[in-house]
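The values are calculated or read from the model by the stated rules, or taken from the named source; none is laboratory data. Just so we're clear, the structure is a prediction, and the values are computed from it rather than from any experiment. Neighbour counts run over all protein chains shown; Cβ positions are idealised from the backbone, glycine included.
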Amino acid sequence: MVAVALGFGTALCWGLADFLGGIRTRRLALPTVLLVSQLAGLTAIALVVATAQPETPALGEIAPALGAGVCQLAGIAALYRALAIGTMSVISPISASGAAILTVIVGVATGERPQSLQVVGMAAAFAGVILATRSPDPARGSATSRRALGLATIAALGFGGFYVGMNAAVDDANPLWALLAARTSAGALLVIVLLSVRPRIGAVPTDLPSLALIGLLDVAANACFTLGTDTGLLSVVSVLASLYPVATVVLARALLGERLVAVQGAGVTVALAGVALISAG
């Protein structure tokens, strides 16, 4: 039950972070959004580790987390850009369902065996995500560029790699150290790329709080996911985490005035039913 709650918390935090990330990237340069949000997230988890002072792991124990951080950075960069140039209700489910499918395959391949009720719940969650994030525009395919769809696919692979890497890391290392390792590798890679490309980076002071909030929500989601996989099945937690597009749809309706059509409302209901089935399994 704890792992289920953490998986659901992951979805909520990621849904909020991605909504804000997509909105901010529509007005600000992607490097600016990434730099401020990643720095805020790294600072937050570093302070937590410094305060908690968990036992320091060996480099080999956190190696999967280092790889997970690189994967997640690639996924976030691709997703934010895709959300900025494409249709949110199309991009979100592609990245979410693709990542969850990858992790379920890996989880089953490595010996995890979810209960029958949980399998039904995961199927319902998948279906709910797809329905809840469907665009009310029947011409959605023409409204979403090939580039956005390609970026969404990259995001799915990146998030899937993060799920798998963090699950492997918490088997050997303290979850807090695994999180710090992931954020550090992501931050280091981002700095290297920015120094190499030297893009224009600029933001007014009023932009900084919202950009920092993106990073804090992201690291909170990472913490929920890492602790969830440490106490439960990767295949279950990752599917719950993939429900984050539901939060994006709700936010788009409440804050942007987007209309939630009947099929989207049905999708939210099916997704929540899936969560209940996974919890009961």
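Annotations
- Selection count, the range 223-241, where residues are closer than 26 Å to L20 by Cβ and either of a type in the set (A, V, I, L, M, F, W, C) or modelled with pLDDT of 75 or more (or both): 11
- With respect to the stated conditions, L12 is of a type in the set (A, V, I, L, M, F, W, C), over 17 Å from L176 (Cα atoms) and surrounded by fewer than 24 Cβ atoms within 10 Å (Cβ to Cβ).
- A Cβ distance below 7 Å, combined with a sequence gap of six or more or placement on separate chains, defines the contacts here; from the range 25-48, residues that are within 15 Å of A78 (Cβ to Cβ) reach residues that are among the basic types (K, R) in the pairs T25/R81; L30/R81; V33/R24.
- Taken across the range 45-56, residues that are in a helix (DSSP H, G or I) and among the charged types (D, E, K, R) do not occur at all.
- Some residue of the range 196-205 being at positive phi and of a type outside the set (G, A, S): yes
- Lone qualifier among R113, R81 - being closer than 19 Å to V164 by Cα and among the basic types (K, R): R113
- Any hit, the range 144-154, residues being at pLDDT 90 or above, under 19 Å from the mean Cα position of the chain (by Cα) and either of a type outside the set (A, V, I, L, M, F, W, C) or not in a loop (DSSP other than H, G, I, E, B) (or both): yes
- Among the numbered conditions (1) closer than 30 Å to G257 by Cβ; (2) at pLDDT 95 or above, the only one that I85 does not meet is (2).
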